[in-house]
Amino acid sequence: MDRCIVLVDAGYLLGAAASLLAGEPSRSRITVDHAALIQGLRDRAESDTQQPLLRIYWFDGAPDRVPQPEHRRLRVMPRVTVRLGALTRSDGRWAQKGVDAAMHAELTELARNRACSDVVLVTGDGDLLPGMMAAKEHGVAVHLWAVQAADGDYNQSEDLVAEADERRVLDRTWITKAVRAKELGGICAPPPVPRPEIAAILSAPLPESALSAAQRPAETPEHPTTAAAGPTGTEERVPPAKGVPTPKDLAALRAPGAHPAPQPANATLRWSSDKGWVDRPAAEPSEAATLPTLAQLTTAEQRWADREEDITTVGGDPYEVGQVFARRWLERLGDHGHLQKLSGMYPRIPHRVDGELLRYAARFGLLAHKDDQIDEHDRYAIRAGFWREIDVRTATERTPAAE
């Protein structure tokens, strides 16, 4: 049948693009406009083969074969079919399993059924050589596309190169139409502009009233640790007591068998942020309880539209996710007095709203375990995006005197 099909090894395409643009094959170093990339593949395939496109098959790996945000966006695009293999971690590195076998099976089945006259392979793995040879035996013309190598050398199997009917190199100019290197730093988007009042709060010392006489540090400048007799009679070094208990400290005191220690009556909890340790009261202000959640403000029709937007438009960048959540929340607020209440709580997000924000972010695969640790940078980026959107909406309402 006179039409073309494109089979894409996403690991090869995006890994080689990352090497070319960012200097290393990590896909986390690049940002991909998937809609532009798919359109570019379609246009180039139809131009090279002189045949209309039947379909683009996108082969990629995913943990437990669970579609990630980019896969959910891709599989709802016209003429795109996503096939997922497993993504496993071995010796500290991620590796795809089953992707090559799936590409081989799809290639041979399409050729055997004469579903196309031309097939484009975007891959570099020599394991596809038997499938390429089988496709040629069924009368299919095989076009092999490579991504320009960062060092100018081959990044494909030489056997594949030798067996292909036609070859094409996707150069830097073509790649950068849909892929760009991320800027160095934990958050890709610019951080929100700090407010003078919160800068003063963060730089303020701890209140003296929060420290009891027993907990105040010694007069020496270095606050050395003290020695205490251990169970064996030997001296053990004991760290000095903290002036303000953290939530972890309080949880330890409530643990079974724990010996309660005296705590100052007016002690405040401390929480970690991207600017260090910040004091906060144990209870939220009463205004926080009156703030509605996004779920309470959203109708069934809006919920359906939100889900459609999440799948087709929202890129999944943590900063962007925070902005999208805040935009929806603000657009559906009937009483703008709530906005003023929230703005006055900066930089804290009320627990009810913050919990809903993080649950929304979890839909995009954020906050998951990365390298066996929860990525705190994602949390900071999500909240920074939320506050940036709030700032944009309230900037015109703030007077110079309030600043």
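For segment 299-332, a residue qualifies if it is assigned to a loop (DSSP other than H, G, I, E, B) and either modelled with pLDDT under 75 or surrounded by fewer than 17 Cβ atoms within 10 Å (Cβ to Cβ) (or both), and the qualifying residues are Thr299, Thr313, Gly315, Gly316, Arg332. Restricting attention to segment 337-349, the residues that are surrounded by fewer than 16 Cβ atoms within 10 Å (Cβ to Cβ) and within 10 Å of Thr394 (Cα to Cα) total 1.
It is to be established whether one or more residues within segment 344-361 are over 26 Å from the mean Cα position of the chain (by Cα), on the phi < 0 side of the Ramachandran plot and modelled with pLDDT under 85. Yes, some residue in segment 344-361 is over 26 Å from the mean Cα position of the chain (by Cα), on the phi < 0 side of the Ramachandran plot and modelled with pLDDT under 85.
Here Ala18 does not qualify as assigned by TED's automatic domain parsing to the domain that holds Leu87 and farther than 25 Å from Ser157 by Cα. Check whether at least one residue in segment 51-61 is in the same structural domain as Arg167 (by TED's automatic domain parsing) and part of a helix (DSSP H, G or I), and report yes or no. No: zero hits.
In summary, Asp43 fulfils each of the numbered conditions (1) acidic (Asp, Glu); (2) under 24 Å from Lys182 (Cβ atoms); (3) not in a loop (DSSP other than H, G, I, E, B) with the single exception of condition (2). Arg72 satisfies every condition listed in (1) outside any helix (DSSP H, G or I); (2) touching a residue at least 12 places away in the same chain (Cβ under 8 Å) except (1).
Residues Ser90, Ser117: which one is among the hydroxyl-bearing types (Ser, Thr, Tyr) and loosely packed, with under 15 Cβ neighbours inside 10 Å?
One residue alone meets the criteria, Ser90.
In segment 144-162, the residues that are assigned by TED's automatic domain parsing to the domain that holds Ala10 form Cβ pairs under 6 Å with partners that are loosely packed, with under 14 Cβ neighbours inside 10 Å and in a loop (DSSP other than H, G, I, E, B), at six or more places apart or across chains, as follows: Gln148/Asp171. Among the conditions (1) under 17 Å from Ser28 (Cα atoms); (2) at pLDDT below 75, the only one that Glu403 does not satisfy is (1). Note on segment 75-93: residues that are out of contact with any Pro (no Cβ under 9 Å at 6 or more places or on another chain), in a strand (DSSP E or B) and modelled with pLDDT under 80 total 2.
Mind checking whether some residue in segment 368-381 is under 17 Å from Arg328 (Cα atoms), assigned by TED's automatic domain parsing to the domain that holds Gln296 and at pLDDT 65 or above? Scanning segment 368-381 turns up no residue that is under 17 Å from Arg328 (Cα atoms), assigned by TED's automatic domain parsing to the domain that holds Gln296 and at pLDDT 65 or above. Filtering segment 129-162 to residues that are in contact with a strand residue (DSSP E or B) (Cβ under 7 Å, 6 or more places away or on another chain) and in a helix (DSSP H, G or I) leaves Met132, Ala135, Lys136, Leu160, Val161.
The values are calculated or read from the model by the stated rules, or taken from the named source; none is laboratory data. It should be emphasised that the depicted structure is a prediction, and the values quoted were computed from it without experimental measurement. Ideal geometry is used to build each Cβ from the backbone, glycine not excepted, and the neighbour counts take in all protein chains shown.
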